[in-house]
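Here is the structure we will look at, set down as structure tokens.
The values are calculated or read from the model by the stated rules, or taken from the named source; none is laboratory data. As the structure is a computational prediction, the values presented were derived from the model and not from experiment. Positions of Cβ are generated from backbone atoms using ideal geometry, with glycine treated the same way; all protein chains shown enter the neighbour counts. Heads up: the accessible areas ignore ligands, DNA and RNA and are worked out on the full protein's heavy atoms, side chains in. Shrake-Rupley method; radii C 1.70, N 1.55, O 1.52, S 1.80 Å.
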Amino acid sequence: MAFFFAPPSRAELADSILAIVNDAVITRAQLDIFTEPAVESLRRQFAGQPDAFQRELTRTLNDSLEQLVERQLILHDFDTQGYKLPDSLVDQLVQERIRERFGDRVTLMKTLQAQSMTYEKFREQVRDQFVEDYMRRNKGGSQQIIVSPYQIENYYLAHQENFKVEDEIKLRMIVLNKTSAADTNTLNLAREIQSKIKEGATFQEMASVYSQSSQQHQAGDWGWVGRSVLRKELADAAFALPIGQVSDVIDTPDSCYVMLVEGKHPAHVRSLREIRGDIEKTLRAQEQARLQKEWIDGLKKKNFVRYF
């Protein structure tokens, strides 16, 4: 079931109750803290687009509320089944979190103070996150999922479009950036480099010395690339080149290019042998998600959950 709500007005209380799960209360303040990183990201992503921001914000708040409800259901299930988490393990998890996110305890305490959060509450959050992750992994049935070869083959045959690969070439490229649109020195240098290669210098050597792209230290090696990776004038020239032939200088307003094609792959559908492992991971993840949803739905049925 989906629950849609817009962000509250300034007149509404910051700690208004959004949901109750058994004896646990989920407040607006808790939701705000939980979604703060995501909301800040949305503000940057949709700056100047208030309608789009509002849509995504509402979706994020609803999804996050559902996550908090599920967390309380999972924590309750953990406790009622008699599981215990040793204090020593929680202490270890807290120290790991401090090192990963804060660096040291002093920075942690300053951050908690700025968020009006106690150390005990922080420790509780670390513990709850671990419990949730543990229960999802184990109750979601990830250890028992078996994907058969028949399932993999059926998925492969039903999703051929997903496994298509466009024409590809094994490309090396020398890139020389112009200082301005009127720069002719760069074009002359590119022609000199091309001449040296035709006279016997290796393309790799010239690329390592002269190229100004990030592939310079790989001797101009771009690996296997499709047409969509390159700008049109480069793609047209590169895909027309025979294997082993150096291109003419390609002069654009901002750069000059010299290219070498070392191999070609025609468009094709990747073989089942190539992607069997990827398909198995996909099917395993789908089945795990289904089992987790089934488990969560069962928890909702046997526990008290109320939204406001």
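For region 207-234, residues that are open to solvent by less than 70 Å² (accessible area, probe 1.4 Å), farther than 14 Å from CYS256 by Cα and assigned to a helix (DSSP H, G or I) total 2.
In this structure, PHE130 qualifies as farther than 19 Å from LEU272 by Cβ, aromatic (Phe, Trp, Tyr) and surrounded by 12 or more Cβ atoms within 10 Å (Cβ to Cβ).
PRO242 passes every criterion in (1) free of Cβ contacts under 8 Å to residues at least 60 places away in the same chain; (2) open to solvent by less than 20 Å² (accessible area, probe 1.4 Å); (3) in contact with a strand residue (DSSP E or B) (Cβ under 8 Å, 6 or more places away or on another chain); (4) closer than 14 Å to LYS264 by Cβ apart from (2). Scanning region 144-170 for residues that are buried (at least 18 other Cβ atoms within 10 Å of the Cβ) and acidic (Asp, Glu) gives a single hit, GLU168. Does ALA6 satisfy the condition of being within 20 Å of LEU68 (Cα to Cα), of a type outside the set (Ser, Thr, Tyr), modelled with pLDDT under 95 and not in a loop (DSSP other than H, G, I, E, B)? Answer is no for this residue. Here the condition is being free of Cβ contacts under 8 Å to residues at least 40 places away in the same chain and surrounded by 12 or more Cβ atoms within 10 Å (Cβ to Cβ); of LEU112, LEU57, LEU68, LEU85, it holds for LEU112 alone. Looking only at residues in region 208-238 that are polar (S, T, N, Q) and in contact (Cβ under 8 Å) with a residue 24 or more places away in the chain, the one that is nearest to ALA267 (Cα to Cα) is SER228. Taken over region 29-54, residues that are under 25 Å from GLN115 (Cβ atoms), free of Cβ contacts under 8 Å to residues at least 24 places away in the same chain and more than 21 Å from the chain's Cα centre (by Cα) amount to 3.
For region 171-191, the candidate set comprises residues that are without any contact (Cβ under 8 Å) to a residue 40 or more places away in the chain and of a type in the set (Gly, Ala, Ser); within that set, the residue that is surrounded by the most Cβ atoms within 10 Å (Cβ to Cβ) is SER180. Tell me, please, whether a residue that is within 30 Å of ASP77 (Cα to Cα), under 25 Å from the mean Cα position of the chain (by Cα) and β-branched (Val, Ile, Thr) can be found in region 99-118. No: zero hits.
Does at least one position in region 255-277 carry a residue that is among the hydroxyl-bearing types (Ser, Thr, Tyr), modelled with pLDDT of 95 or more and either open to solvent by less than 60 Å² (accessible area, probe 1.4 Å) or part of a strand (DSSP E or B) (or both)? Yes, because at least one residue in region 255-277 is among the hydroxyl-bearing types (Ser, Thr, Tyr), modelled with pLDDT of 95 or more and either open to solvent by less than 60 Å² (accessible area, probe 1.4 Å) or part of a strand (DSSP E or B) (or both).
Output the residue which, of all residues in region 278-308 that are open to solvent by 90 Å² or more (accessible area, probe 1.4 Å) and of a type in the set (Lys, Arg), is farthest from the chain's Cα centre (by Cα). Out of the qualifying residues, it is LYS302. Would region 239-254 turn up any residue that is of a type in the set (Asp, Glu) and part of a helix (DSSP H, G or I)? The answer is no, given that none of the residues of region 239-254 is of a type in the set (Asp, Glu) and part of a helix (DSSP H, G or I).
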